[in-house]
1. Go through region 603-627 residue by residue and tally those that are open to solvent by 20 Å² or more (accessible area, probe 1.4 Å) and outside any helix (DSSP H, G or I).
2. For region 521-552, how many residues are at pLDDT below 95 and either open to solvent by 50 Å² or more (accessible area, probe 1.4 Å) or among the aromatic types (Phe, Trp, Tyr) (or both)?
3. Please go through (1) more than 22 Å from residue 402 (Cβ to Cβ); (2) touching a Lys or Arg at 6+ places or on another chain (Cβ under 8 Å); (3) not small (Gly, Ala, Ser) for residue 326 and return the number of the only condition it doesn't satisfy.
4. Note down all Cβ pairs under 6 Å where the first residue falls in region 328-353 and is within 13 Å of residue 380 (Cβ to Cβ), the second is open to solvent by 30 Å² or more (accessible area, probe 1.4 Å) and in a helix (DSSP H, G or I), and they're at least six residues apart or on different chains.
5. What pairs come up if the first residue lies in region 356-377 and is farther than 28 Å from residue 343 by Cβ, the second is open to solvent by less than 10 Å² (accessible area, probe 1.4 Å), and their beta carbons are under 6 Å apart, counting only those six or more places apart or on different chains?
6. So which residues in region 158-188 are under 29 Å from residue 355 (Cα atoms), open to solvent by 30 Å² or more (accessible area, probe 1.4 Å), assigned to a loop (DSSP other than H, G, I, E, B) and not small (Gly, Ala, Ser)?
7. Taking the residues in region 197-220 that are modelled with pLDDT under 90 and in a loop (DSSP other than H, G, I, E, B) as candidates, determine which candidate is farthest from residue 271 (Cα to Cα).
8. Taking the condition surrounded by fewer than 18 Cβ atoms within 10 Å (Cβ to Cβ) and either under 19 Å from the mean Cα position of the chain (by Cα) or of a type outside the set (A, V, I, L, M, F, W, C) (or both), does residue 117 pass?
Amino acid sequence: MKKWWMAGMVAAAGLGLLLFYHRPLSLITTSRGISGARSKVILISFDGGSNELLHQFISSFPPDSGFRKIQKNGFLADQGLEVSSPSLTAPSHISIATGVAPSIHGIVSNQFHIPNDPIGRSVNGFTYDIAPSVETIWEEAKKEWKQVVGIAYPALDGLSPKRTADRGISYTKQESPGFIFEPSKFNDYPGKLPEKIKSYSPPRYTNFFLTEVGTDERYTDAFYDHPFHGPEKPEKKEEPGRSLAKRPIEMIAIDSTKDGKTNYDAFLFDDDHDLQNGFQGTVDLKRSPWIGIQFLNDDILKGSWCKLLSLSPDLTNVKLYVGAVHKTDAYPNYDNDFTNLIRKEIGFWPGTPDRGNLGKGVTPEMMVEQSLRLADYLHKATLLVGTQFKFRPWDLILTYQPMLDELEHQFLLTDRSQKDFSKEKSEEYLGYIRAGYVKANEIVESLIKETETENAHLIVVSDHGMAPLKKIYHPNRLLRERGYIRTDDDEMARKEIIARAFSSGGISHIYVNLEDREKDGMVPKEKKERGAKKPYEVIRDELIAIFKEEASKEDSPIQKVLKREEAEAIGLNHPHAGDVIVMGNPGFHFTDAMTPGPILETATFYGQHGYDPTLPVMKGIFAVYGPNFKKDLVKEPVSYKDIKPLVLKLLQ
């Protein structure tokens, strides 16, 4: 297969190396700017961008660059951005985009339960519909005939007209997870090496498989009945609405050292058994251990980032990290110019850090590399829209960066009471997080330069801060212990659920399994007769008493316990919210575990959010830079409610 995308692949490979109570924000626009040019806005959200950590690191950034330039010539909030409650990615981003609380837009958590569903079912806050009556920034901009671009911004995923920009890239999930490949056998390679590739020992090969969704017309019997390779035909597993296939990838070992010894030191990678028409690339341990393997399936670009971990000269010890398979999801699908530009210039979606293989071959340094690679990918996609796609004008870009959240969840080891804390390890891990903030500063500086040529304004926000994590709390195990979740012989196949929790980060929504509300609900609204089941109000009062008792304990996971209607003050009184809302203290992560086990356990990662958004540790980032904005006209504190009107004002 001709590797027509190799130029873009090389560019992409290089990338991997290197914001209810508030005082209104007031602003005045001026006539400054490029005369006659349309006013534009780039809104970038750094998921997990902590106001505290930014101000901790900012003095080490280059002078007059990025955030320090904004401090001098724009506006950077000292107090940060007060986000909505809960301080979680999905509800917070929707609150920023709509200017209203979850009690209005309906996304009350990263996952939650909705009426009419069985009590055991939850919905995804990242994909669930925003309330139809609530308009987002991009909807209001498009009503004014503004051209909107979305780069992986939460809720701009093209799933419905309400969630669609004029063009964009959706945040994509993996099609299959990463794994460690340790080949036990290499065979003689009978084919011919490319003319420019020399091996001083006979080339040898093995293969592994990338599992992807969908099929490829190239997988014909003739392809698999190759006379000397003969790999297995792709194993297909049919699932509802899903077809899986295993794509073979060849690793061909070569010896590039003319020393008279068998000394294999590099691999070629290919996906079509024909090196003469091109190949994916080469890896070695010293110069270029990473490779992006990519391919087309039904005109969709997919791929996997892999890294050579070990290679003995005699091939007896070879270890390869094979990254998760991802696809590039650009829309609209009829805009071939945009899709092809993404393919050519930045390649396939590289994926997020692989925590699942940490310690199995993946190192903390590799996780940082993976995080920064995705950051570069998203940033380059943002710049492509502005600088290399000028025949398609834009007015508003909403772009997203998850790297700070990824790094802080894994490495925020700053509290002496956290598992395995030591001064040395804390400093090491803080260095990984600092690398993310350095990259964020570089991205901000690059976008500032973009605004200076485009008469654009840059608004920098984040959806929450991050707190050191110490313990895991299991509300459903407590409910099980108290008899609200009952099973036969501890098997979940036969269960009776009176109430259960759905949790994300530092919050749990506790739902009563109510008759005529939940499908197959079992708790009556009112007591019907003597000896009947306890009614709703009794059950809810019992739940409140249980969790308030938990909250009264020393070093409790729980900050406060609220009835749904009491949550109006924090913007969470919505039918999607729990009948009882349990808000956590920083340092505790709430889960959905239903199986028997300890109610409280030691955390296996180091950062979490979802807590009271008024706490300094939960404050996000807020910054503005551009020709029509004066920093002396902005007053703190700044709230998520201010972002939407600010964007729309600057677009005028």
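The values are calculated or read from the model by the stated rules, or taken from the named source; none is laboratory data. The structure displayed is predicted, hence computed values, not measured ones. Cβ sites come from the backbone with ideal geometry, for glycine too, and all protein chains shown count toward neighbours. Side chains are part of the model used for accessible areas, which takes the heavy atoms of the whole protein and leaves out ligands, DNA and RNA. Shrake-Rupley method; radii C 1.70, N 1.55, O 1.52, S 1.80 Å.
1. Number of matching residues: 8.
2. Selection size over region 521-552: 9.
3. (1)
4. 346/380
5. 361/321
6. From region 158-188, those under 29 Å from residue 355 (Cα atoms) are 158-159, 168-185; that's our starting set.
Subsequent filtering for residues that are open to solvent by 30 Å² or more (accessible area, probe 1.4 Å) retains 158-159, 171, 173-174, 177, 179-182, 184-185.
From the residues that got through so far, the ones that are assigned to a loop (DSSP other than H, G, I, E, B) too are 158-159, 171, 173-174, 177, 182, 184-185.
Listed by number, the residues that qualify are 159, 171, 173, 174, 177, 182, 185.
7. Only one residue fits best here, namely 214.
8. On the way: surrounded by fewer than 18 Cβ atoms within 10 Å (Cβ to Cβ): yes; either under 19 Å from the mean Cα position of the chain (by Cα) or of a type outside the set (A, V, I, L, M, F, W, C) (or both): yes.
Yes: the conditions hold for residue 117.
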